[in-house]
Amino acid sequence: MDNLHHEAKITASELACLWAQYLNDSLSRCILRYFINHVKDQNINEVLQYALELAENHLENIKQFLTQEDYPIPIGFTNEDVTVDAPPLFTDTCMIVYLQIMAIHGLTRYSGAVGLSFREDQRTYFIKCNTETMELYNRATNVLVQKGIMSRPPALNNKQKIDFVKEQNFLRGWFGKHRPINVIEISGAFLNMQKTLVKIVLELGFSQVAQSKDVRDYMERSRNLCEKHFNILRSMLEEDNLHAPRTFGSEVTDSTVPPFSDKLMMYHVTALLSAAIGYYGEALSMCQRRDLSADYTRMITEMALLAEDGANLLIDKGWMEQPPAAADRQGLAKNK
């Protein structure tokens, strides 16, 4: 990494982005190495290889940033958290679907990191990460489309015209006849369904291979809630005769040999549940029907409670790595 600038100390926001990225990319490296060891399709393998190259480069860059700022390197996830020779738990189809959705998560994170970065080297780095992840998303989506795996969002076949809302019942949804769902609401529901499907597949697979009963039970509970939410989102579309994305439960094998540590699986699912709160919130902010807004509000509450329970389980097991924090001034004063 060239031309690092150190005219100003790295900010807490920039450090937070680097720290979180290190954990996420160290996790990705474990999963991608396992996938690559089992993938059969050459086109999917090429995209997985590209994703692994990005993750490894990011980890090296972050190490340089943190070392030069005299911050410790997070532990994250290591070779101890993956058994690449374990039997395949997911099919090639599942691998490429997973990768595309993770690219969407990455784009959200990196765009946010750019907005939180003030130092030029940090902005340049995260802009580069964003560009690379756009390319990853493009490659994964091309494979999904070419192989007919991807479910495209619904298209509207009725004639449209420019108009303005004239009545308050545009917002109505609880009582009486409500208007059809609009394209903004369709977009939010469909994206959240696609993301939920990946969580369901992971939770199904992880529940088969988790070694701790606590982790297995949590995966089952999480899968049940995600399936409930998928059905709520699907009903938003099917009420107006619009299709939902295809499901991928059949893409999980019957293996019970754990390829990943319980720590990795718990962290991954809990992080995805937490991220879902943000995606639900974005969809809620754009809803213009009260009944749909109420659905998202309820789902956010349920997801937040489940994610909190996941965080508590990570803490109980000693698996939650603590981010850098401000100095405890009161504690320092008491120690004098």
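The values are calculated or read from the model by the stated rules, or taken from the named source; none is laboratory data. Only a predicted model underlies this, so the values are computations on that prediction, with no experimental measurement involved. In this analysis, Cβ positions are derived from the backbone assuming ideal geometry, glycine residues included, and neighbour counts consider all displayed protein chains.
Worth pointing out:
- All positions within the stretch 92-109 that are surrounded by fewer than 19 Cβ atoms within 10 Å (Cβ to Cβ) and either without any contact (Cβ under 8 Å) to a residue 60 or more places away in the chain or not in a helix (DSSP H, G or I) (or both): 107
- Considering the conditions (1) outside any loop (DSSP other than H, G, I, E, B); (2) under 27 Å from residue 76 (Cα atoms), residue 282 is excluded by exactly one of them, (2).
- Taking the listed residues 119, 123, the one that is among the basic types (Lys, Arg) and in contact (Cβ under 8 Å) with a residue 60 or more places away in the chain is 119, with no other qualifying.
- Residue tally, condition in contact with a strand residue (DSSP E or B) (Cβ under 8 Å, 6 or more places away or on another chain), closer than 27 Å to residue 150 by Cα and assigned to a helix (DSSP H, G or I), over the stretch 251-267: 1
- Residue that is surrounded by the most Cβ atoms within 10 Å (Cβ to Cβ), among those in the stretch 31-72 that are within 28 Å of residue 258 (Cα to Cα) and among the β-branched types (Val, Ile, Thr): 31
- Taken together, the residues in the stretch 220-250 that are in a helix (DSSP H, G or I), farther than 22 Å from residue 291 by Cα and not small (Gly, Ala, Ser) amount to 4.
- Subset of the stretch 314-329 (residues that are touching a Ser or Thr at 6+ places or on another chain (Cβ under 8 Å) and outside any loop (DSSP other than H, G, I, E, B)): 314
- Pairing each residue of the stretch 293-306 that is not assigned by TED's automatic domain parsing to the domain that holds residue 187 and surrounded by fewer than 18 Cβ atoms within 10 Å (Cβ to Cβ) with any residue that is in a helix (DSSP H, G or I) and at pLDDT 95 or above, provided the two are 6+ apart or on different chains, yields no C-beta distance under 9 Å.
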